[in-house]
Amino acid sequence: MNEHSTIDWQPLWLSLKLASVTMLILLLVGIPLAYWLAYSRRRWKVAIEAVIGLPMVLPPSVLGFYLLLAFSPAGAFGAFLSRYLDVRLVFTFPGLVAASLIYSLPFMVNPLLAGFRELPADLKEASRTLGKSDITTLFSILLPNIRASLITGSVLSFAHTIGEFGVVMMIGGSIPGQTKVASVAIYDEVLSTNYPLANRYAIILLGFSFCILLLVNIINHYYNKHKALP
Amino acid sequence: MTQSTAFLDFQATKMLHTAQGRELLDISFRLDQGRILAIYGPSGAGKTTLLRILAGLTEAGSGHIRVGDDTWLDTTRHIHLPTRRRAIGFVFQDFALFPNLTVRQQLEYASPEKHDSSIIAELLALMELEALQHHRPALLSGGQQQRVALARAIARRPSLLLLDEPLSALDEEMRNKLQEYILKIQQRFHLTTILVSHYLPEILRLADTAIILKKGRIVSEGTPASLFAGQTPPQKNNSSFKTTGTILRIEPSANAFIVSVRCADTIIDLTLSAAEATALNLNQTVSVIFNAINPKIIP
């Protein structure tokens with residue numbers, strides 16, 4: 001085994017860290033957002049829904065380009081963050097997290113939204129007639145009954161973050177230990193014609209993605225079989 | 001329904017959007033404590049809307065609701081108590097049981113006193129649900145789910161029990177059994193109850209008083225027996241339908257008699273006053289005349 005094919009685990013580790021942090025924050029953000037989209041009567045919520053769904057159809061480089069402009073200290077938002085909060089989002093790990101949150105948001109929100117919408121409307125009303133607040137209803141009744149959606153949303157947003165490349169390249173570049181995630185590492189190895197190492201990273205990501213999809217399918221299969229809705 | 005010290009005082013208007021177009025619901029009534037009021041009428045008459053306005057699930061255009069000493073709604077004073085602060089037990093048409101909770105957990109969730117399990121034990125016993133208390137709703141039959149929905153509504157300790165066609169999803173035999181449970185609950189808890197139903201035997205058996213709704217308005221009110229029995233048959237009515245059959249059964253019900261007539265290959269249950277029923281005999285051949293709400297038997 002020569003030096004060129006020795007695998008550096010750091011990019012894989014960084015990918016896992018980025019995906020885990022993104023998934024946890026998206027759970028906290030996605031639940032209230034999907035709840036609002038499912039139950040609000042405001043007409044303009046369809047516009048918000050479209051904005052959340054944009055990363056699914058937009059080329060990642062387009063999204064990355066605009067995020068780069070927004071996060072750049074030369075821009076108003078980036079300058080504000082840098083001056084008042086001492087936060088720099090370009091070429092840093094926090095910047096990757098911020099970009100990933102936007103990029104993977106629909107993969108969390110859409111399954112949760114579908115879950116809320118599939119619940120019979122009178123479950124929420126029944127809970128209210130039993131004297132319960134909307135918060136109690138959400139945690140005691142609604143969320144336990146969309147468990148499959150919670151798991152699907154978490155797994156998909158995690159996997160989607162692992163797989164991102166275009167956005168990461170635009171925002172983070174390839175700083176080892178900081179922003180060089182697994183997908184970027186593959187690209188770097190290909191550029192330096194080190195195909196065996198690129199292949200190792202690629203095989204690991206391929207196996208990982210397959211396992212994720214298998215897991216999602218098993219969960220959906222299980223819940224469809226044991227669906228407990230009356 | 002007395003005028004001065006009624007327990008429930010209801011008056012509301014609401015624009016209904018029905019298949020026939022827009023109708024204005026405009027209803028007022030009073031109800032004494034511990035009584036069962038039945039609301040009867042064709043679909044689209046506003047029966048369920050009335051219940052939902054009482055529960056605060058649908059907003060009234062204008063009106064007031066007073067229950068005991070509490071004001072739940074008064075549009076002139078901008079009072080609109082949210083649903084969760086109205087002491088109601090609401091039994092939904094399709095039961096609305098929580099799929100993630102067991103029978104016992106549904107009652108515990110509803111009970112305002114978390115640590116007082118005596119009412120829950122009593123309800124489980126009264127509704128014969130003890131053996132099923134650790135089951136989830138998906139494993140229960142329609143009739144069992146209905147009993148859980150009823151027990152859950154009582155566990156909330158309501159001052160008003162609202163039943164939205166609670167037995168419509170069940171078959172004939174199950175309906176009769178569940179009427180027994182509703183009467184048991186009523187005897188034990190003396191709850192002021194409003195029952196939406198389009199099934200006359202149920203109303204005659206359960207209700208003390210009834211209202212007939214049509215196009216959002218009360219067209220008549222009184223005791224069920226006076227509203228649904230003892231009226232003269234329609235003489236010349238183009239909307240009526242006549243058939244013949246033989247009498248299979250004559251059974252007393254709470255305020256009237258249920259007469260089962262075999263017509264061709266179906267059995268029709270009719271509700272008659274005592275005077276009408278005693279004039280009939282088993283196996284007698286009779287004519288049955290139906291009109292909109294009031295079927296009649298002519299010997």
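Which of the helices in chain A, when you take each full DSSP H run, stretch at least 27 Å along the axis at their Cα atoms and have an average Kyte-Doolittle score of -0.5 or higher?
A:10-39, A:93-118, A:195-225
So which of A:Lys17/A:Lys124; B:Lys47/B:Lys177; B:Lys177/B:Lys214; A:Lys225/B:Lys47; A:Lys45/B:Lys114; A:Lys124/B:Lys114 end up more than 28 Å apart, counting from Cα to Cα?
Result: A:Lys17/A:Lys124; B:Lys177/B:Lys214; A:Lys225/B:Lys47; A:Lys45/B:Lys114 exceed 28 Å.
Please give, to one decimal in nm, the separation of the simple spin-label points placed at A:Val97 and B:Asp269, each 7 Å out from Cα toward the Cβ.
6.5
Compute a Gaussian network model of chain B, connecting alpha carbons closer than 10 Å, and tell me which residue from B:Glu276, B:Glu108, B:Glu173 fluctuates the most.
B:Glu173
Please list A:28-39, A:167-178, B:124-135 highest first by mean number of surrounding beta-carbon atoms within 10 Å per residue.
Packing proxy ranking, top to bottom: A:167-178, A:28-39, B:124-135.
For a quick protection proxy, order the peptides A:66-77, A:106-117 by their average other-Cβ count within 10 Å, most packed first.
Most protected by this proxy first, the peptides run A:106-117, A:66-77.
Shielding by partners for B:132-140, please: the mean number of other protein chain Cβ atoms within 10 Å of each residue's Cβ.
Counting Cβ atoms of other protein chains within 10 Å of each residue's Cβ and averaging gives 1.
Going from the alpha-carbon gyration tensor of chain A, what semi-axes, largest first and in whole Å, does one get by taking the root of 5 times each eigenvalue?
Semi-axis lengths for chain A are 36, 24, 13 Å.
Aspartates and glutamates near A:Lys180 by alpha-carbon distance under 17 Å, same-chain residues fewer than 8 away left out - which ones?
A:Asp8, A:Glu164, A:Asp188, A:Glu189
Relative to the longest principal Cα axis of chain B, at what angle does helix B:172-189 sit, 0 to 90 degrees, rounded to 10?
50
Given the C-alpha centroids of the stretch B:119-157 and the stretch B:46-72, what is the distance between them in whole angstrom?
If we compute the Cα centre of each part, the gap is 27 Å.
Report the residues of the stretch B:76-110 in range of a label on B:Arg188: point 7 Å along Cα→C-beta, backbone N strictly under 17 Å from it.
B:89-91, B:103-110
Below 8 Å between Cα atoms, with a sequence gap of 6+, how large is the relative contact order for chain B in percent?
Worked out over chain B, it gives 18 percent.
Kirkwood Rh over Cα pairs of the stretch A:145-218 into Stokes-Einstein at 20 °C, 1.002 mPa s: D in µm²/s?
Calculated translational D: 158 µm²/s.
What does the net charge come to around B:Ile27 if you take all other residues with beta carbon closer than 14 Å to its beta carbon, with K and R at +1 and D and E at -1?
That works out to +3.
Using the Kirkwood radius over Cα pairs, work out the Stokes-Einstein diffusion coefficient for chain B at 20 °C and 1.002 mPa s, in µm²/s as a whole number.
Result for D is 104 µm²/s.
How long are the three semi-axes of the equivalent ellipsoid of the protein assembly as shown, in whole Å, if each is the root of 5 times an eigenvalue of the C-alpha gyration tensor, listed from largest down?
Largest first, the protein assembly as shown gives 63, 25, 21 Å.
Quick one: Cα convex hull volume of the stretch A:1-128, Å³ per residue?
Dividing the Cα hull volume of the stretch A:1-128 by its residue count gives 186 Å³.
Once the other residues with Cβ under 15 Å from the Cβ of B:Leu51 are scored (Lys, Arg +1; Asp, Glu -1), what is the net sum?
Neighbour charge sum, excluding B:Leu51 itself: -1.
Once the Cβ-Cβ distance between A:Ile175 and A:Asn220 is put in as r, and R0 is 30 Å, what FRET efficiency do you end up with, to the nearest 0.05?
0.20
Between B:Asp171 and B:Glu122, what length in nm is gained on full extension when 0.36 nm per residue of separation is reduced by their alpha carbon distance?
Gain in length upon complete extension: 14.9 nm.
Could you work out which residue, out of B:Leu195, B:Leu162, B:Leu81, moves most in a Gaussian network model of chain B, that is, has the largest mean-square fluctuation with Cα springs under 10 Å?
B:Leu81
At 7 Å along Cα-to-Cβ for each site, give me the label-to-label distance between B:His17 and B:His134 in nm.
Label-label distance for B:His17 and B:His134, simple model: 4.8 nm.
Would you work out which of B:Val259, B:Gln187, B:Leu31 lies farthest towards the positive end of the dipole of the protein assembly as shown? Charges go on Cβ: Lys and Arg +1, Asp and Glu -1.
Going by the charge dipole, the pick is B:Leu31.
Shielding by partners for B:47-56, please: the mean number of other protein chain Cβ atoms within 10 Å of each residue's Cβ.
Partner Cβ neighbours, averaged per residue: 1.
Could you work out the mean count of beta carbons from other protein chains within 10 Å of each residue's beta carbon in B:88-100?
Partner Cβ neighbours, averaged per residue: 6.
Using only the alpha-carbon atoms, how far is helix B:142-155 inclined from the longest principal axis of chain B? Give it as 0 to 90 degrees, nearest 10.
50
Each value in this text was obtained by applying a stated rule to the coordinates, not by laboratory testing. Just so you know, these numbers come straight off a predicted model, no measurement behind them. Every residue, glycine among them, receives a Cβ derived from its backbone with ideal geometry; neighbour counts consider all protein chains shown.
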